[in-house]
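Since the structure comes first, as structure tokens, the remarks are kept for the end.
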Amino acid sequence: MSKNPYLLVTGGVFALFIAMSIGRFAYTPILPFMQHESGFSTRFAGYLASSNYAGYLVGAVIASVVPLKRNRAIFLRISIVISILLTLVMGLTYNHTAWMVWRFLSGITSAFVFVLASSLILDQLAKQSKLGLVGVMYGGVGLGIFVSGMLVPLLINKFQYEGAWIGLACLAAVLSIVVFSTVKEDHAEPTISSAANISTPSKTPKWLPWLLVAYGLEGLGYIVTGTFIVAIAEMTPAFSGNATSVWVLVGLAAIPSCIIWAYFGSKFGYMLSLMILLIIQSIGIALPALSESSTSFYVSAVLFGATFMGVTTLATAFARNKNPHGSARVIAIMTTIYALGQMFGPSIAGVLTAETESYALAISCAASVVFVGALFLLPLIKHERLETKNDIN
């Protein structure tokens, strides 16, 4: 029996809310408060962020090689439960090594949730000709960033940074009920073995390396802003302790962004839309390096929030259209390359900041990397146009 696509997408929204917005990105608004109360350096902050992204890389690699076609809903539930527990223990432990371990494991579960939820829900939406709803699902990350950005200052004012982690874990536990009751396997789907998915293509398709390079450079560049934007704003006199407002704005801009970019992708081409998106994002990333005014940070937050999840929406939709029978594996491979970039970004930025005593160089390098990633999409734009013309003819 077919699942209600709207209930299915609602479950996807909250799955990404839990694992991505809380499990991964809650670290961003909590970071400056953790640094203030625990006294660790920006260099360690970068390493702590990178440990999470290293876990994300490991999770993506595991998801790309382990057969997950039959029991995706079960694995998804297990991953969400573990993600919630790992968020909880961040507020119950004070050892730096333990934090590194928790964040690493949290990265693994985040990757599992992203790959499993994306492939499971995309497959069912495609079957029901409702792929246009994918933008709503990925908008769950923006919704979660917005909500957590609003809650973190309130929780910290009452319970310090420990209470922020614990409070967000409790919220995630409540939301998991929605996920468990709505995201289920469609057993009417034909079962395609993982081995079949792996062995079907005899060679790497020509479009994939270009997309992987662009996607990896995006992971390397965007994550600098995704990790440090609140910490950078906190160091700026213009905000005087109200830096989390920047993160709230990122989430607010991200909520409708996936729907908007999905529309542009379907109308004008996924790769052209993605290239334009990356150019816009590179401008947003660079703005705080050019000016420390609150306006510069707010515009940066809007441009960043309006683009960073749109990348995922456009890239995964394009990849699934190119390989509809192996979506889980293709998305897992893309997520692996993305995670590889993410793993190095915060550490490099942390070292550059420690050496220069400023975030300006790290931000400028991140913006340049994203811009270069956009240029790698030029061959894919030609490829997509040629394919569309052939379909019409």
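The values are calculated or read from the model by the stated rules, or taken from the named source; none is laboratory data. No experiment lies behind these values; they were computed from the predicted model shown. Glycine gets a Cβ as well: all are built from the backbone with ideal geometry, and neighbour counts include every protein chain shown. Note: accessible area is taken over every heavy atom of the protein model, side chains too, but ligands, DNA and RNA are not part of it. Shrake-Rupley method; radii C 1.70, N 1.55, O 1.52, S 1.80 Å.
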Net length gained if the chain between PHE40 and ASN157 were fully extended (0.36 nm per residue, minus Cα distance):
40.1 nm
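What does the highest-first list of 269-282, 138-151 look like by mean Cβ count within 10 Å?
Descending packing order for the listed peptides: 138-151, 269-282.
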Of VAL89, VAL250, VAL230, the most mobile residue in a GNM of the chain (C-alpha springs, cutoff 10 Å) is VAL89
For PHE25, enumerate residues with amide H under 5 Å from its amide H, sequence gap 5+ or separate chain, H modeled in the peptide plane.
none
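Given 4 °C and 1.567 mPa s, how large is the Stokes-Einstein diffusion coefficient of segment 1-83 in µm²/s, with Rh as the Kirkwood radius over Cα pairs?
Working: Rh = 15.1 Å.
Value of D from the Cα-based Kirkwood radius: 86 µm²/s.
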What accessible area per residue comes out for the chain, rounded to a whole number of Å², with a 1.4 Å probe?
39 Å²
0 to 90° range, to nearest 10: angle between helix 96-127 axis and the chain longest Cα axis:
30 degrees
Mind listing which GluC sites (Glu not before Pro) in segment 262-369 are in a DSSP loop and have 14 or fewer other Cβ atoms within 10 Å?
GLU357
Please work out the Cα center distance from segment 355-375 to segment 2-43, rounded to the nearest Å.
24 Å
First measure r as the distance between the Cβ atoms of GLU292 and THR93, then evaluate 1/(1 + (r/R0)^6) with R0 = 30 Å and state the FRET efficiency to the nearest 0.05.
0.30
Would you work out what percent of the accessible area of segment 288-346, with all protein chains in place, is carbon or sulfur (probe 1.4 Å)?
66 percent
Could you tell me which of the pairs LYS267/LYS382; LYS127/LYS322; LYS127/LYS267; LYS130/LYS206 are separated by over 24 angstrom between their Cα atoms in the structure shown?
LYS130/LYS206
What does the accessible area of LEU154 come to, in Å² to the nearest 10, when a probe of 1.4 Å is used?
110 Å²
Convex hull volume of the Cα atoms in segment 282-393, per residue, in Å³?
111 Å³
Mean Cβ-within-10 Å packing, highest first, puts peptides 371-382, 25-36, 47-58 in the order 47-58, 25-36, 371-382
Counting only protein heavy atoms and using a 1.4 Å probe, what share of the accessible area of segment 146-190 belongs to carbon plus sulfur, as a whole percent?
72 percent
Which value results when the Cα radius of gyration for segment 67-123 is divided by 2.2 N^0.38 Å?
1.28
